[in-house]
Amino acid sequence: MSHNSFGHLFRFTTWGESHGPALGAVVDGCPPGLTLSEADIQPFLDARRPGTSRFTTQRREPDAVRILSGVFDGRTTGTPISLMIENVDQRSKDYSDVAKAYRPGHADYAYDAKYGFRDYRGGGRSSARETAARVAAGGVARLVIPEVTITAWVESIGGDAIDPARFDAAEIGRNPFFCPDPAAAARWEALVDGARKAGSSLGAVVACRAEGVPAGWGAPLYAKLDAELASAAMSINAVKGVEIGDGFAAAALSGEANADPMRPGEGGPQFMANHAGGIAGGISTGQPVTLRVAFKPTSSILTPVDTIGPDGQATTIATKGRHDPCVGIRGVPVVEAMVALVLADQKLRHRGQIG
C-alpha cells in the first residue's frame, strides 16, 4: 500500500494498524533547534484519546507517545522524528463477523476490491485509530508555526447546530463535545445517548479557525492553500465534505455581497468581512483562515443492515465492538492537527521561495 505520506518540505508518514502492536508517524523536514519533548505532543493526543466519556468509543487507550529519533538534548536535530503510540486495548475477536461480511459505508469492500486482501480487525489502516498518529505529527507541526493559533469545535451533531450568538470559546474545553455553546452541548447529551442506545450513530460538522496566519502563504495554482487544506481534511476518516470560508453558501450571494471590502489599516489592509475564509487566489490574506468539515455517521453500528460477504452472497451485519456513536466529536483534534501540518509545510515552502 502506497500513499501513506503527506506534505512537501514538512512531510509526515503514518504507519501501523488499529489492532497491531503500535502505530505512529515519521516527521521529516522539521527545522533543527526547536524544543520538543513528549509533553509537547501529549495534550493533543489526550484530547483525541478514546474512552474519555460515554459519548465516545470505550476502547481504553492511554495513547502515550514516545519520541524514538530526531531529538537530542530536548531539541530537534533536523533529522526524521519518529513517534510511536502503543495499542494496549485491542479486542480483535469483536470483528469475527466483519471477516465474513462487509460493513456498508466502511472501507471493507473497497479494500478487498483494490488489494484482494484486508485486515478486518478494526479495519486496519482504514480505522480512525490511524488519526492518533496524525495528531502526534500535528503536535510537532505546531512548533514550526508558533505565530498561529488553531482552534476547532463541533458546530453541529445530527443536524442540531449551535447558536452563533452564544459562541464562547472558553466553553470548548468544558464539555465532552468540544462545543462552544453550552445550551447545544446539553441537548447533544440526549441526542448522542439516544443514538448510542439505539445501536446507531450520528454525523457532525467541525469548524476550525487559524488565527495569526500572515499574508502570503500558499501559491496561485497547484499549491493553493485552500486546496491543500481541503485535501488534508478530506483525507481524515469519515470526512465527506469541506468548505473554506462561506463555502457553498457563497454560491447564493451576489458579487458585492461575497466581496471582502478593504480599508486602509496599520501595516496592511483592514478587511470588513471574511467570506473567503482568509484565502484569495490560493494565498493567505492575513485574515483568520476558516474551514468547516463534515463527518458522516460512524459506519460500524449495532443496527443490522443489508450487505454481502466476500463470496458475493446476501447477508446482514450488525457490527459488534466498541465504536464512536459520533466520530466527529473526536475529529476536532484531528482537524486541528491536519490544519497545523498544512500550515507548517506552507510556511517552510514560502520561506524557501521568498526567503
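Tabulated results
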item	result
The chain - accessible surface per residue (Å², probe 1.4 Å)	45 Å²
Unit charges on C-beta of K, R, D, E only; dipole of region 208-339, Debye	340 debye
Potential extension, SER5-GLU38 segment - 0.36 nm per residue separation minus Cα distance	9.7 nm
Convex hull volume of region 140-216 per residue (C-alpha atoms, cubic angstrom)	128 Å³
Highest-fluctuation residue, ARG11, ARG187, ARG129 considered, GNM on the chain with Cα pairs under 10 Å	ARG187
Alpha-carbon centroids, region 171-232 and region 143-162: separation in whole Å	5 Å
Set LYS114/LYS197; LYS240/LYS320; LYS197/LYS240 screened for pairs whose C-alpha atoms are more than 32 Å apart	LYS114/LYS197
Choice from ARG134, ARG330, ARG75 showing the highest fluctuation, given a GNM over the chain with Cα pairs closer than 10 Å	ARG75
Nearest-0.05 FRET efficiency for SER235 and MET272, computed from C-beta distance (R0 30 Å)	0.30
Highest average packing first - 311-318, 2-9, 43-50, Cβ atoms within 10 Å	43-50, 2-9, 311-318
Stokes-Einstein D in µm²/s, Kirkwood radius over Cα pairs - the chain at 37 °C with 0.692 mPa s viscosity	154 µm²/s
Spin-label model distance (nm) - SER53 vs ASP311, 7 Å beyond Cα toward Cβ	4.4 nm
Degrees separating the helix 182-197 axis from the principal Cα axis of the chain, which is the longest one	20 degrees
Percent carbon-and-sulfur accessible area, the chain, ignoring ligands, DNA and RNA, probe 1.4 Å	55 percent
Packing rank of 103-109, 33-39, 341-347, where each peptide gets the mean count of other beta carbons within 10 Å, highest leading	341-347, 103-109, 33-39
Rounded tilt (10° steps) of 331-354 against the dominant C-alpha axis of the chain	40 degrees
Segment LYS100-ALA22, extension gain: residue separation times 0.36 nm, minus the distance between their alpha carbons	25.5 nm
Inter-label distance, nm, simple model (7 Å from Cα along the C-beta direction), GLU256/ARG166	3.6 nm
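The values are calculated or read from the model by the stated rules, or taken from the named source; none is laboratory data. Please read these numbers as outputs of a predicted model, since none were measured by experiment. Cβ sites come from the backbone with ideal geometry, for glycine too, and all protein chains shown count toward neighbours. Please note that ligands, DNA and RNA were not included when accessible areas were found on the heavy atoms of the full protein model with its side chains. Shrake-Rupley method; radii C 1.70, N 1.55, O 1.52, S 1.80 Å.
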